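Engineer: I'd like to ask you about the structure that follows.
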Amino acid sequence: MAHQPFASAPYVVGGTEPVPHPHIPAEEALCPVVSHDWVNAEYKHLVVDASPKALAVKPGQFFNLLCPSPDAGELWLRRPQSVYRIDRARGRIEFLYKCVGRGTNGLATLRHGDDLNMVGPLGVGFSVGPSWKHVVVLGRGVGLATLAPISQLAAESGIGVTAILSARSPEFVMAGDLFAQVGDVIGVLDTDGSSAVENVEAILLRLIANRKADAFFTCGSNRLFQLMKRLAKQHGIPGQIAMEQIMACGLGPCYVCVRTFEVNGKQELRRVCIEGPVFDLQEALGW
Ligand SMILES: Cc1cc2nc3c(=O)[nH]c(=O)nc-3n(C[C@H](O)[C@H](O)[C@H](O)COP(=O)(O)OP(=O)(O)OC[C@H]3O[C@@H](n4cnc5c(N)ncnc54)[C@H](O)[C@@H]3O)c2cc1C
Ligand code: FES
């Protein structure tokens, strides 16, 4: 019987069946869990063996994960999680996620050897311009997980990065190890006041003055997004933002994930799952 691309016949990583529908860029796959550990009191790091199509994921793209129920009730709908790290050499994909509700708490119950049902890779990821030499990444909270693979994109493209990682306290400054491999890491914290917008603005202005800001990337904080958008406009710097929105299908047809954008002075509705989640910084509006 012919394979169906989604739902009815998931591709099993390590199975003997050939990859179904090679022309469809996303698929449903059962990916065995390699490791799954807490990194702090709220976030877990999940590593899975990935299917060949899943391994083609680009930084900024996401998978819609079928999370096990954390209790006796049903759990409806998949939960979107962006890729945290792509380990093509070992055929693995990594996620870093915050446990916030039933879906992610159910996801947290997966153990080594369990299969994770993933649909993806989905959406539009980050991109780099041919003339960029040094870019600035600014994020906070779960946004740090989404921005993390820019470290890989930068390494592959020979671009330097300064990553400004904002967090409540030191244990929530995540992805610093990945960015330290390709550039500079500046942690800004609530605990010592360094995460204040004025301080982050001073850091960004210094990077602009030192010609270290050919492009801006941001995710995870409305106030930091507004700051980057304003400075990018003032200084003519291109930028990208990864937006988050509650999703259902993750594939385009349901329109649950629509947000408003402003394009050439006109408001426009776009679906975060398929037209994003990465958008032009100047076209995105706050939340
Ligand atoms: C493209 C994309 C990539 C994402 N990548 C990551 C990631 O790498 N790491 C990570 O920790 N989280 C990520 N998220 C957020 C993640 O999808 C939600 O935290 C998750 O769906 C919550 O499910 P839940 O059932 O545990 O919580 P729920 O009970 O559904 O919700 C708990 C709380 O989380 C909020 N929430 C629910 N869904 C979303 C959502 N899609 N976006 C933002 N807030 C939401 C709810 O409003 C509520 O306040 C991403 C979201 C999107 C859209
Ligand atoms: S989640 Fe269904 S259209 Fe985006």
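Engineer: Which condition breaks for R168 when tested against (1) more than 18 Å from K44 (Cβ to Cβ); (2) over 13 Å from the mean Cα position of the chain (by Cα)?
Structural biologist: Unmet condition: (1).
Engineer: All but one of (1) outside any strand (DSSP E or B); (2) within 16 Å of ligand 2 (Cβ to nearest atom) hold for V100; which doesn't?
Structural biologist: (2) is the only condition that V100 fails.
Engineer: Filter the stretch 96-138 down to residues that are over 30 Å from V200 (Cα atoms) and touching an Asp or Glu at 6+ places or on another chain (Cβ under 6 Å), then give me how many there are. Step through it out loud before you land on a result.
Structural biologist: First, the residues of the stretch 96-138 that are over 30 Å from V200 (Cα atoms): 101-122.
Okay, now just the ones that are also touching an Asp or Glu at 6+ places or on another chain (Cβ under 6 Å), so 119.
Selection size over the stretch 96-138: 1.
Engineer: Output the residues belonging to the stretch 180-221 that are within 23 Å of I159 (Cα to Cα), assigned to a loop (DSSP other than H, G, I, E, B) and without any contact (Cβ under 8 Å) to a residue 60 or more places away in the chain.
Structural biologist: Selection gives Q181, V182, N210.
Engineer: Looking only at the stretch 57-78, which residues are without any contact (Cβ under 8 Å) to a residue 60 or more places away in the chain and outside any loop (DSSP other than H, G, I, E, B)?
Structural biologist: F63, L65, L66
Engineer: If a residue must be within 14 Å of ligand 1 (Cβ to nearest atom) and of a type in the set (F, W, Y), how many such residues does the stretch 256-287 contain?
Structural biologist: 2
Engineer: Taking the residues in the stretch 39-56 that are of a type in the set (V, I, T) and in contact (Cβ under 8 Å) with a residue 60 or more places away in the chain as candidates, determine which candidate is surrounded by the most Cβ atoms within 10 Å (Cβ to Cβ).
Structural biologist: The residue in question is V48.
Engineer: Moving on to the next point. Got a number for residues in the stretch 228-284 being part of a loop (DSSP other than H, G, I, E, B), away from ligand 2 (no atom under 16 Å from the Cβ) and at pLDDT 95 or above?
Structural biologist: Residues flagged as part of a loop (DSSP other than H, G, I, E, B), away from ligand 2 (no atom under 16 Å from the Cβ) and at pLDDT 95 or above within the stretch 228-284 amount to 6.
Engineer: Among the residues of the stretch 156-179, which ones are in a helix (DSSP H, G or I) and either of a type in the set (D, E) or under 13 Å from V137 (Cβ atoms) (or both)?
Structural biologist: Correct list: E156, E171, G176, D177, L178, F179.
Engineer: Of all the residues that make up the stretch 103-124, how many are surrounded by 23 or more Cβ atoms within 10 Å (Cβ to Cβ), in contact (Cβ under 8 Å) with a residue 40 or more places away in the chain and either closer than 30 Å to A215 by Cα or within 16 Å of ligand 2 (Cβ to nearest atom) (or both)?
Structural biologist: Initial filter on the stretch 103-124 (surrounded by 23 or more Cβ atoms within 10 Å (Cβ to Cβ)): 103, 107, 116, 118-123.
Subsequent filtering for residues that are in contact (Cβ under 8 Å) with a residue 40 or more places away in the chain retains 107, 116, 118-123.
Keeping just the survivors that are either closer than 30 Å to A215 by Cα or within 16 Å of ligand 2 (Cβ to nearest atom) (or both) gives 118-123.
So the answer is 6.
Engineer: For the stretch 92-102, state whether one or more residues are out of contact with any strand residue (DSSP E or B) (no Cβ under 9 Å at 6 or more places or on another chain), more than 30 Å from V128 (Cα to Cα) and aliphatic (A, V, I, L, M).
Structural biologist: Yes, some residue in the stretch 92-102 is out of contact with any strand residue (DSSP E or B) (no Cβ under 9 Å at 6 or more places or on another chain), more than 30 Å from V128 (Cα to Cα) and aliphatic (A, V, I, L, M).
Engineer: Among the residues in the stretch 134-153, are any touching a residue at least 12 places away in the same chain (Cβ under 8 Å) and surrounded by fewer than 16 Cβ atoms within 10 Å (Cβ to Cβ)?
Structural biologist: No, the stretch 134-153 has no match at all.
Engineer: While we're looking at this one, here's another question. So which of F217, F225 ends up being over 30 Å from R102 (Cβ atoms) and of a type in the set (A, V, I, L, M, F, W, C)?
Structural biologist: Result of the check over F217, F225: F217.
The values are calculated or read from the model by the stated rules, or taken from the named source; none is laboratory data. Note that this is a predicted model, so its numbers are computed, not measured. All Cβ positions, even for glycine, are placed from backbone atoms using ideal geometry, and neighbour counts span all protein chains on display.
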